[in-house]
Amino acid sequence: MTKRVAIFISGGGSNMEALVDSMTGDHPARPVLVLSNVPGAGGLARAEARGVPTAVVDHRAFGGDRPAFEAALDAELAAARADIICLAGFMRILTPGFVARHAGRILNIHPSLLPKYPGLETHARAIASGDAVAGCTVHEVTADLDSGPVLGQARVPVRPGDTSRTLAARVLETEHQLYPAVLHRFASGDRTPVFLP
Ligand code: GRF
């Protein structure tokens, strides 16, 4: 059975685009919803241009009431009958309650080689540490931030003179390869990690 995929974004949505564009032909999944917590996020127009239904659930309308915000997310997911949730630059931390309700069905992409550099500023931290290799990770989302089982990783060399901006741009290109590769495998029921290149 074809899996139905919801993609959560907060910004430009380049990973969302890569995921949507990958789900064609004999791919075991199809995009059914792109949801943003930020009204006017650039990715919403990009999803609409691809014919994918969109929704906005503005967290600010809930005044810090995370369970109420997440109940609104749940309503959108139920309406879309989503089987898999891909977080793609979604800048809200989900509560353990939400994660438990969707256990084993939420993926996230993070711009570091986890367990290195969970959280923010990953590229600056990799450069400051003198790392020769950076990269990105797709992992299953669990209640602990950026620490669920790894479903895929891709390595990216750090070049002399790299800034966090140049490194982020190079890692992002690799994210666009890794996330679709992991989703394809995951949607077909195989959780074996994907390692690129
Ligand atoms: C990506 O670097 C992703 O790893 C991080 O946020 C960024 C989102 O970029 N979590 P985009 O919105 O997919 O272009």
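The values are calculated or read from the model by the stated rules, or taken from the named source; none is laboratory data. Quick caveat, the model's predicted, so the values are computed rather than measured. For neighbour counting, all protein chains shown are included, and Cβ atoms are generated from backbone atoms with ideal geometry for every residue, glycine included. Calculation scope for accessible area: heavy atoms of the full protein, side chains included, ligands and nucleic acids excluded. Shrake-Rupley method; radii C 1.70, N 1.55, O 1.52, S 1.80 Å.
Numbers for the structure displayed
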{"read-out": "Residue within segment 182-192 that is open to solvent by less than 50 Å² (accessible area, probe 1.4 Å) and either in a loop (DSSP other than H, G, I, E, B) or free of Cβ contacts under 8 Å to residues at least 60 places away in the same chain (or both) present", "value": "no"}
{"read-out": "Selection from segment 1-12 of residues that are more than 8 Å from the ligand (Cβ to nearest atom) and touching a helix residue (DSSP H, G or I) at 6+ places or on another chain (Cβ under 9 Å)", "value": "Thr2, Lys3, Arg4, Val5, Ala6, Ile7, Phe8"}
{"read-out": "Out of Val133, Val99, sole residue that is among the β-branched types (Val, Ile, Thr), more than 13 Å from the ligand (Cβ to nearest atom) and open to solvent by 30 Å² or more (accessible area, probe 1.4 Å)", "value": "Val133"}
{"read-out": "Considering residues of segment 18-39 that are in a helix (DSSP H, G or I) and out of contact with any Lys or Arg (no Cβ under 7 Å at 6 or more places or on another chain) only, the residue most open to solvent (accessible area, probe 1.4 Å)", "value": "Asp21"}
{"read-out": "Candidates Gly97, Gly104, Gly42 - the one that is at positive phi and at pLDDT 95 or above", "value": "Gly104"}
{"read-out": "Scope segment 136-151; condition acidic (Asp, Glu) and either assigned to a loop (DSSP other than H, G, I, E, B) or within 12 Å of the ligand (Cβ to nearest atom) (or both); matching residues", "value": "Asp144, Asp146"}
{"read-out": "Out of Arg60, Arg81, Arg92, Arg125, sole residue that is of a type in the set (D, E, K, R) and assigned by TED's automatic domain parsing to the domain that holds Ser164", "value": "Arg125"}
{"read-out": "Residue in segment 13-33 that is within 11 Å of the ligand (Cβ to nearest atom), under 18 Å from His176 (Cβ atoms) and touching a Ser or Thr at 6+ places or on another chain (Cβ under 9 Å) present", "value": "yes"}
{"read-out": "Hits in segment 152-197 - residues which are within 15 Å of the ligand (Cβ to nearest atom) and of a type in the set (Phe, Trp, Tyr)", "value": "Tyr179"}
{"read-out": "All positions within segment 102-114 that are within 16 Å of the ligand (Cβ to nearest atom) and of a type in the set (A, V, I, L, M)", "value": "Ile106, Leu107, Ile109, Leu113, Leu114"}
{"read-out": "Count of segment 40-89 residues which are within 16 Å of the ligand (Cβ to nearest atom), crowded, with 18+ Cβ neighbours inside 10 Å and more than 20 Å from Leu107 (Cα to Cα)", "value": "2"}
